[in-house]
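**Student:** Just passing along the structure, written as structure tokens.
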Amino acid sequence: LGMDGEGDCVEVIQDIPEINFTIELQFRTLFPNVGIFAVLAGPAGEAGHDRHIHLQDGFLRQRIYDGEAITSAHSGFNDGLWHHYAMVVEQGIGQKMYVDGQIEASGSKDHSDFDWQDRFWIGFSNDALDKFFAGQIDEVRIWKYARTQEQIQDAMNRTLTDEEINSGNVVGYWNFDD
């Protein structure tokens, strides 16, 4: 999915979990301050927004509503190369950020307090300096459990199988092949 940063995004009208979830995607961009993903209530988050993923000065950042934001240990994710990203939130454990299968950051916030959402946007974040994404996004996956590092590494460079998609653990899957 290619986006030019000029107001393009994909809106999905769907609720996603506040606890025990994983959001995964692949992206590539040359821009250091772009929005990648956000959960919203109402158009453009007029009634609130949460679970943000964005680049800030080439660092990846994620934020969970009414809680902490965490930032990747490394920068330069605006290098034009494909990167796999995973936000994992697990009750009693906290939040983790994986980039290219490796842990980049972690925090103690173990759930979102934002439970009135009704949609999410791929290619947008209210928290980003440039709210809309410029580059490409692929393989967006939302799971209703906290995936392990091994599970993330196993599936990060391939499409999901029919068995995985129909397992009952996938909230949504967009591979943008069509």
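The values are calculated or read from the model by the stated rules, or taken from the named source; none is laboratory data. Please read these numbers as outputs of a predicted model, since none were measured by experiment. Using ideal geometry, Cβ is built from the backbone for each residue, glycine included, and neighbour counts are taken over all protein chains shown. Only protein heavy atoms, including side chains, enter the accessible area calculation; ligands, DNA and RNA are left aside. Shrake-Rupley method; radii C 1.70, N 1.55, O 1.52, S 1.80 Å.
**Student:** If you average the sequence gap of Cα pairs under 8 Å that are 6 or more apart and divide by the length of the range 1-150, what percent do you get for the contact order?
**Tutor:** Answer for the range 1-150 is 40 percent.
**Student:** Sticking with this structure for a sec: Ignoring ligands, DNA and RNA, what percent of the accessible area of the chain is carbon or sulfur (1.4 Å)?
**Tutor:** The nonpolar share, carbon plus sulfur, comes to 46 percent.
**Student:** Under the rule a/c < 1.5 gives rounded, and otherwise a/b versus b/c splits prolate from oblate, where does the range 1-75 land using the Cα gyration tensor?
**Tutor:** Here the range 1-75 falls in the oblate category.
**Student:** Between residue 164 and residue 12, what FRET efficiency follows from the Cβ-Cβ distance if R0 is 25 Å, with the result rounded to 0.05?
**Tutor:** Between residue 164 and residue 12 the formula returns 0.85.
**Student:** In the range 46-143, what GluC sites (Glu not before Pro) fall in a loop by DSSP, with at most 10 other Cβ atoms inside 10 Å?
**Tutor:** Of the GluC sites (Glu not before Pro), the ones in loops of the range 46-143 whose Cβ has at most 10 other Cβ atoms within 10 Å are 46.
**Student:** Can I ask one more? Please work out whether the range 87-178 counts as rounded, prolate or oblate from its C-alpha gyration tensor, where a ≥ b ≥ c are the square roots of the eigenvalues and a/c under 1.5 means rounded, while otherwise a/b larger than b/c means prolate and anything else oblate?
**Tutor:** In terms of gyration-tensor shape, rounded.
**Student:** How many angstrom separate the Cα center of the range 108-154 from the Cα center of the range 27-103?
**Tutor:** Comparing the Cα centres of the range 108-154 and the range 27-103, I get a distance of 7 Å.
**Student:** On the first, second and third principal axes, largest extent first, how far apart are the outermost C-alpha atoms of the range 1-132 in Å?
**Tutor:** That gives 34, 31, 21 Å along the principal axes, largest extent first.
**Student:** For the range 56-119, what is the accessible area per residue in Å² when the probe is 1.4 Å?
**Tutor:** Roughly 44 Å² per residue, with all protein chains present.
**Student:** Per residue of the chain, what 222 nm ellipticity follows from adding -39500 (n - 2.57) for every DSSP H run with n ≥ 4, rounded to the nearest 500?
**Tutor:** Taking each H run of at least 4 residues, the total per residue is -1500 deg cm²/dmol.
**Student:** Now, a different point. Across the range 132-149, in residue order, what do the Karplus-derived ³J(HN,Hα) couplings come to in whole Hz, using 6.51 cos²θ - 1.76 cosθ + 1.60 with θ = phi - 60° and x for Gly and Pro?
**Tutor:** 9, 7, 10, x, 10, 10, 8, 6, 7, 9, 10, 10, 9, 7, 7, 7, 7, 4
**Student:** Counting Lys +1, Arg +1, Asp -1, Glu -1, what net charge surrounds residue 91 among other residues with beta carbon under 11 Å of its beta carbon?
**Tutor:** Summing Lys and Arg as +1 and Asp and Glu as -1 gives -2.
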